[in-house]
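The values are calculated or read from the model by the stated rules, or taken from the named source; none is laboratory data. Everything numeric here is computed off the predicted structure, so don't read it as measured data. Cβ: placed from backbone, ideal geometry, glycine included. Neighbour counts: every protein chain shown.
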Amino acid sequence: MFQDKKQLALFLVSFVLFLSPALLRAVEYSPENIIGFTTYFHVRMSEIVSSGSLYDPLSYGGRSFTYPPGFPALLALFPGLLKLLVNPLAGSLFSVMFYDYCKKRLGARRALYSWFFLLTIPGFIYLSSHINPRLIAMLLIFSVYYLRSEQKPSGGSLGLQSLLLFASALVHPLVFTVGLVLLLVSFRGRRELLLAAVPGILSIAASLLMHGLPAPSPVYENFVELQKGVQYFLFESGAAASSASVVTWIIGLAGWLLYHKKHPRMSAWLVFSVSVPLLFGNRLNEFIYYPLAFFAALGFSRMERLLSEFRIPVNARLVRVLAVVYLLVIAAVYPLIFSRVGPPRPDYAVLSWARENLPEDAVVFSGFAEGHWVTSIAERKSFWDAYVEYAPNVTDRYFLALKAFNGYPPAFRRMECEYNVSYVYVHAYPYDERFHTPLLSFLEQNAVLLFQAEDDSGRALIYRLQGQNC
């Protein structure tokens, strides 16, 4: 697997970095209180797949299982908290494979620079530290890129590429689709590549025949991952989960301007991977990471030429040192920030209480993203959550929730009568208490407080609605 001790060392360093948010959270909170929102959803999906069921009894009050099966099946192979190792292992393997790819084209020193730039991209740290399917699908796509970058593909290699593409389609159809287009843009032999992609294309076609296309809904406007704009490319703009540092962008784009003609394949990948999220949303930023790291290594290694070409009278060594220090600070601080992304202690306490005390068929209204905590920690039915695709009555639920957050009484009547909602879980923290104030005011006057927990950061509460004559 590893060609030398250096690759093993790079793998271990990557693994420690990517696992550190989960470890830090386990120490500060508890091992079961894992990082993230959708991470809880993916763990629960893996449990559904393990049970052999095709029905999710909790999301949106109960719905058919429509999630791509590849990633839940992969997670199901890892028992309990070992699921937390999947993405750190995949991200570490990705980084070593990328290093090996760069070493063959740029030399060992520049390959090390490429590895460093990839590891300090906040978006890549995010993907590699959170349980999510996108990194796994990206790793499979890059494996195909790696194989096609070697000698002319043989029949056996094409068979392996077909298997990798098929697996990526089962894990994340959107990543497969964009990745396939990027591969077609970057390589000749498109007929062979399309032939290799046939099983993956057929698997997506079968899913569409079974479920149809997801219905459009205004609820998608709340997804930051679907927003468009250059600002979502930059870590410094606050879009850290899908972005790179401005330092990496400057060095990478400068390196691309100087060396894109020498590396047309990687250049085509970078240009296309920048264009796609500008058109369709920053959910697709992930494909930018490794071509950006590739050209950043070139720009970093030729800093003197860069500064000369752009007539910048600054010492090249000083620029290198400042860039490295800045990126190291990001790599050191960002895992600590990530370790705080997840259920605060009061929320985890309230949801744990709900698991032990609410009726098993209870339907709970909550915030949109927190719906995954309701189904996973409380193990109760959610009124809504962040898995929107194919969700029943999602647009009606969305507008009903907006009215409920504004404390509009008829909204709660409809929730109770049409969606069987009997409980409301809400939290109040300085960053969102103003948003929840109308809802809290309504609940204090029209519902029964069952349990609450608080600490210095804020409080979480669960109420029982008083019931309507439906």
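Considering (1) in a helix (DSSP H, G or I); (2) aliphatic (A, V, I, L, M); (3) surrounded by fewer than 17 Cβ atoms within 10 Å (Cβ to Cβ), the lone condition that Leu449 does not fulfil carries the number (1). Scanning the range 461-470 for residues that are surrounded by 15 or more Cβ atoms within 10 Å (Cβ to Cβ) and either touching a Phe, Trp or Tyr at 6+ places or on another chain (Cβ under 7 Å) or not assigned by TED's automatic domain parsing to the domain that holds Trp353 (or both) yields Ile462, Tyr463, Arg464, Leu465. Consider the range 356-380 and keep the residues that are more than 27 Å from the chain's Cα centre (by Cα) and either of a type in the set (Lys, Arg) or part of a helix (DSSP H, G or I) (or both). The one that is surrounded by the fewest Cβ atoms within 10 Å (Cβ to Cβ) is Glu356. Set side by side, the residues Leu284, Leu328, Leu270 differ, and just one is assigned by TED's automatic domain parsing to the domain that holds Tyr145, surrounded by fewer than 18 Cβ atoms within 10 Å (Cβ to Cβ) and aliphatic (A, V, I, L, M), which is Leu328.
Which condition breaks for Thr66 when tested against (1) farther than 24 Å from Gly342 by Cβ; (2) at pLDDT 95 or above; (3) touching a Phe, Trp or Tyr at 6+ places or on another chain (Cβ under 7 Å)? For Thr66, the exception is condition (2). Give the residue that is modelled with the lowest pLDDT, with candidates limited to residues of the range 236-264 that are within 15 Å of the chain's Cα centre (by Cα) and in a helix (DSSP H, G or I). For the range 236-264, the residue satisfying everything is Ala240. The single condition among (1) at positive phi; (2) surrounded by fewer than 21 Cβ atoms within 10 Å (Cβ to Cβ) that Thr38 does not satisfy is (1). Which one is nearest to Leu440 (Cα to Cα), of the residues in the range 364-380 that are of a type in the set (A, V, I, L, M, F, W, C) and modelled with pLDDT under 95? The selected residue is Phe368.
Within the range 198-211, can one find any residue that is under 30 Å from Lys262 (Cα atoms), of a type outside the set (Ser, Thr, Tyr) and in contact (Cβ under 8 Å) with a residue 12 or more places away in the chain? Working first, answer last.
Residues of the range 198-211 that are under 30 Å from Lys262 (Cα atoms), as a first pass: none.
Among the residues of the range 198-211, not one is under 30 Å from Lys262 (Cα atoms), of a type outside the set (Ser, Thr, Tyr) and in contact (Cβ under 8 Å) with a residue 12 or more places away in the chain, which makes the answer no.
Any chance the range 102-112 includes a residue that's part of a loop (DSSP other than H, G, I, E, B), on the phi < 0 side of the Ramachandran plot and without any contact (Cβ under 8 Å) to a residue 40 or more places away in the chain? Write out each step before concluding.
Filtering the range 102-112 down to residues part of a loop (DSSP other than H, G, I, E, B) leaves 107.
Still in the list and also on the phi < 0 side of the Ramachandran plot: none.
No, that holds for no residue.
Of Val86, Val96, Val185, Val171, all but one fail to be more than 30 Å from Val324 (Cα to Cα), among the aliphatic types (A, V, I, L, M) and out of contact with any Gly (no Cβ under 6 Å at 6 or more places or on another chain); the exception is Val185.
From the list Phe405, Phe383, the lone residue that is at pLDDT 95 or above and either out of contact with any Asp or Glu (no Cβ under 7 Å at 6 or more places or on another chain) or surrounded by fewer than 19 Cβ atoms within 10 Å (Cβ to Cβ) (or both) is Phe383.
Would you mind stating whether Val341 is at pLDDT 90 or above and within 30 Å of Leu19 (Cβ to Cβ)?
No.
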